Amino acid sequence: MPIVQATNLHKRYPRPDRKGEFFNAVDGVSLEIAEGEIFGLLGPNGAGKTSTLEMLEGLTDIDAGSASIAGHDVSRAPYQVKQLIGVQLQANDYFDRLSLCELLSLFYGLYGRRDDPLALLERVNLADKAAARPSRLSGGQKQRFSIACALVNTPVVLFLDEPTTGLDPQAKRRLWALVRELNQGGMTIVLTTHNMEEAEFLCDRLAIMDQGRIIAAGTPQALIERYAPEPPARPLHGNLEDVFLRLTGHDLRK
Amino acid sequence: MNQTLLMTRTFARIFSRDRQALFFSLFFPLIFMSVFGLVGRSGNAPLMLGISDTAHNALSAEFIAVLQANPLFTLQQGEEASLREHLVSGDLKLLLVIPADFHDASSSSELRVIADTAQVRELGLIMPALQQALVDVERKLRGVEPLFTLKVEDIQARAQNYLAFLVPGMLAFAVMQISIAGSGYNIVEYRRKGILKRLFVTPLEPSSFIGGLVLSRALLCLIQLSVLLLYALLVLKVPLAGRLWALYLVVALGTAMFLSLGFCLGSIAKTQATIMALGNLVTFPQMFLSGIFYPIDILPHFVQPLAQLLPLSFLANALRGIIVDGATLLTLWPSLLGLGVWSAIFLLLSVRLFVWKEVAA
């Protein structure tokens with residue numbers, strides 16, 4: 001049985017351009033993610049990735065369809081689900097008058113746990129920042145701290161929303177290494193990204209979304225083989241970005 | 001650990017580290033009280049009263065003696081023309097001219113009172129005193145014993161001056177400011193930063209979040225109020241006529257009321273600018289209508305009944321009753337009822353408006 005299961009998910013939002021009308025930000029998404037997988041959700045801005053993630057996390061109501069994590073229905077048993085998942089959000093601000101250590105202790109407390117924040121900071125290479133305030137962190141450090149916060153309950157499923165956006169190559173590679181390491185410990189990881197290299201490097205399986213629907217899914221290799229443009233005479237040089245552009249078009253999104 | 005306690009400790013830590021906010025929440029009430037504390041002290045000096053006696057007889061001398069005996073006045077005698085100059089320059093508050101025909105003949109004579117009525121707030125106080133002095137002299141002259149006398153026994157329980165009026169008002173005002181800022185503004189800020197969203201994906205119960213915020217704010221508010229109160233009692237020497245515990249009880253009730261109001265506003269407002277506007281919209285009218293700086297009695301008559309019903313009016317009334325009049329909670333029941341009703345309204349509203357999922361997302 002898949003650890004994350006979503007069936008025919010719908011999310012409606014009011015249309016920004018026409019009053020009183022709605023559009024489906026997520027329009028019938030079904031997913032099955034196996035335990036121990038790194039699963040990537042790709043798609044242009046506004047494709048519905050974050051909305052899909054937020055429904056799986058219980059952060060927004062599921063307008064139609066259903067989702068379950070480790071057998072617990074997200075809508076009906078939100079608190080069981082919250083105990084099982086770790087979430088890293090796109091916005092990664094925290095109470096700014098607390099140190100990293102104090103913030104982690106707070107998160108431990110919220111899950112009814114008591115543990116050493118320093119050991120967790122060590123794991124994400126932030127031990128030397130234990131007494132620092134979050135506002136003093138660099139972009140990469142902030143992302144790593146965000147992930148540390150998402151790990152306090154040793155989650156079964158870890159959700160990462162664009163974890164490497166805005167990071168320099170060093171910080172990005174470091175984060176990838178961390179994600180790999182967590183996954184090798186048995187954690188299921190669901191992430192969204194715009195970075196095709198990241199998707200190819202990290203993900204066991206991918207789904208590409210556009211306009212609220214999944215338009216392709218499979219392993220990175222299978223997707224490349226199926227969708228990458230065939231070079232006429234020269235050897236194959238298409239990559240996942242070509243796949244992405246071919247599937248979702250070259251137009252800029254809002 | 002219990003989530004509510006955890007959040008209380010966390011928020012208390014956060015708020016106590018916000019030195020700037022702590023400073024400014026105390027700054028204005030302290031400044032106001034200090035300024036009026038000093039002004040109020042000099043305001044109790046006797047009134048300078050000029051007398052020009054053109055009668056120069058035993059009767060006028062007696063009349064002047066009666067006035068001199070009144071602690072309300074300090075007399076300065078002289079010619080009308082020179083005294084007028086003193087009056088214009090403000091050295092004298094009032095000039096009294098005793099006419100030449102001021103004697104014990106049966107015909108009545110007229111004393112002239114010259115004053116810049118716009119400048120003399122105490123005119124309502126002075127005129128009866130003058131009248132009384134005249135009546136005394138007249139009685140003596142006619143050999144009439146007064147039929148009734150009114151004897152005032154001053155128990156000196158409390159000094160009623162502007163400062164004593166202002167201090168409870170300032171306390172009430174500070175409770176409002178600190179509490180509304182404490183709940184409403186913080187919620188909007190935490191939402192904007194995505195902190196509420198982050199907390200929402202943990203198993204934190206909304207009631208624990210609210211409970212923690214309310215308890216920590218209430219705690220901090222009581223400490224801040226204690227600072228103001230100590231300053232008023234010890235430095236400005238405002239006497240406290242009532243019970244201290246009753247005072248704290250009312251402050252706690254007021255804090256709960258305005259924290260709930262802050263939650264309502266914080267749930268409605270989506271941006272920092274909106275919450276500031278909403279905050280001002282509810283605090284400013286109350287600041288001027290709720291008897292903080294001046295009594296509600298001097299407002300236009302049609303405003304008064306409404307002004308009396310404002311949340312801050314109930315709080316200021318109750319605090320003033322305890323500090324100035326030494327009232328007990330029992331006698332203050334109308335104000336306490338008002339506080340209770342408003343608290344219930346705000347609490348119900350905030351429970352309806354503060355939907356954890358919607359506010360957080």
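Points worth noting:
- Long-range HN-HN contacts of B:L94 with modeled amide H, under 5 Å: B:G50
- Neighbour net charge for A:T219 - beta-carbon separation under 12 angstrom, K R +1, D E -1: -2
- Considering only the stretch B:46-142, percent of DSSP beta bridges that pair antiparallel, nearest 5: 25 percent
- Percent antiparallel among DSSP beta bridges (both partners in the stretch A:128-254, rounded to 5): 50 percent
- Long-range amide H partners of A:L42 with built H, under 5 Å: A:A207, A:I208, A:M209
- ³J(HN,Hα), Karplus 6.51/-1.76/1.60, whole Hz, each residue of the stretch B:60-74, x for Gly, Pro: 5, 4, 5, 4, 5, 4, 4, 5, 4, 5, 7, x, 5, 10, 10
- Karplus-derived 3J(HN,Hα), 6.51/-1.76/1.60, for each residue of the stretch A:44-58, Hz, glycine and proline x: x, 4, x, 6, x, 5, 5, 4, 4, 4, 5, 5, 5, 7, x
- The stretch B:46-142 pair-distance distribution - Cα-Cα, 5 Å bins, rounded %: 3, 13, 26, 26, 19, 9, 3, 0
- Dipole magnitude of chain B about its Cα centre (Cβ charges: Lys, Arg +1; Asp, Glu -1), debye to nearest 20: 2780 debye
- Take each residue in A:109-117, count the other chain C-beta atoms within 10 Å of its C-beta, and the mean is 4.
- For chain A, the number of Lys pairs separated by eight or more positions or lying on different chains, with C-alpha atoms closer than 25 Å, is 14.
- Helical contribution to [θ] at 222 nm, DSSP H n ≥ 4, -39,500 (n - 2.57), averaged over chain B, rounded to 500: -20500 deg cm²/dmol
- Here's how it looks for B:L204: its modeled amide H is under 5 Å from none belonging to a residue 5 or more places away or on a different chain.
- Global form of the protein assembly as shown, assessed from the alpha-carbon gyration tensor, a/c cut-off 1.5: prolate
- Taking every DSSP helix (H) stretch of at least 4 residues in chain A, weighting each as -39,500 (n - 2.57) and dividing the sum by the residue count yields a mean residue ellipticity at 222 nm of -10000 deg cm²/dmol.
- What the phi angles of the stretch B:248-259 give under the Karplus curve with 6.51, -1.76 and 1.60, with θ = phi - 60°, is a coupling list of 5, 4, 5, 4, 4, 5, x, 4, 4, 4, 6, 4 Hz, glycine and proline written as x.
- Straight-distance candidates among the lysines for linking to B:K270, with alpha-carbon spacing under 17 Å and chain neighbours fewer than 8 residues away dropped: B:K193, B:K197, B:K357.
- Signed unit charges on C-beta, dipole axis of the protein assembly as shown, positive-most listed residue B:S16, B:I178, B:C221: B:S16
- Residue-averaged beta-carbon neighbours from other chains (10 angstrom radius) around A:71-84: 1
- Helix B:272-289 and the long axis of chain B differ in direction by around 30°, with both axes built from C-alpha atoms.
- By the count of neighbouring beta-carbon atoms within 10 Å, fewest first, B:Y231, B:Y190 end up ordered B:Y231, B:Y190.
- Kirkwood-Stokes translational diffusion coefficient of the stretch B:223-361, alpha-carbon pairs, 37 °C, 0.692 mPa s, µm²/s: 200 µm²/s
- Most to least packed among A:242-251, A:28-37 [average Cβ atoms within 10 Å]: A:28-37, A:242-251
- Taking other C-beta atoms within 10 angstrom as a stand-in for reagent exposure, B:W356, B:W342, B:W333 fall in the order B:W333, B:W356, B:W342, fewest first.
- Cα-based shape type of chain B, given that a ≥ b ≥ c are square roots of the gyration tensor eigenvalues and the cut on a/c is 1.5: prolate
- The convex hull defined by the C-alpha atoms of chain A has an orientation-averaged projected area of 15.3 nm².
- Remark: relative contact order (chain B) = 21 percent; criterion is Cα-Cα distance under 8 angstrom and separation of 6 or more residues.
- Relative contact order, whole percent, for the stretch B:46-142 stands at 32, derived from Cα pairs under 8 Å and 6 or more residues apart.
- Other residues with beta-carbon under 13 Å from the beta-carbon of B:G266 carry, at +1 per Lys or Arg and -1 per Asp or Glu, a net charge of +2.
- Relative contact order, percent, the stretch A:160-218 [alpha-carbon distance under 8 Å, six or more residues apart]: 32 percent
- Cα-based helix-to-principal-axis angle, B:333-353 vs chain B, degrees rounded to 10: 30 degrees
- Sorted by Cβ neighbour density within 10 Å, fewest at the top, the residues B:F173, B:F27: B:F27, B:F173
Read-outs: derived from the displayed coordinates by stated rules, not from any lab. Predicted, not measured: the structure shown is a model, and the values here were computed from it. Heads up, the Cβs are rebuilt from the backbone with ideal geometry, glycines too, and the neighbour counts pull from every protein chain shown.
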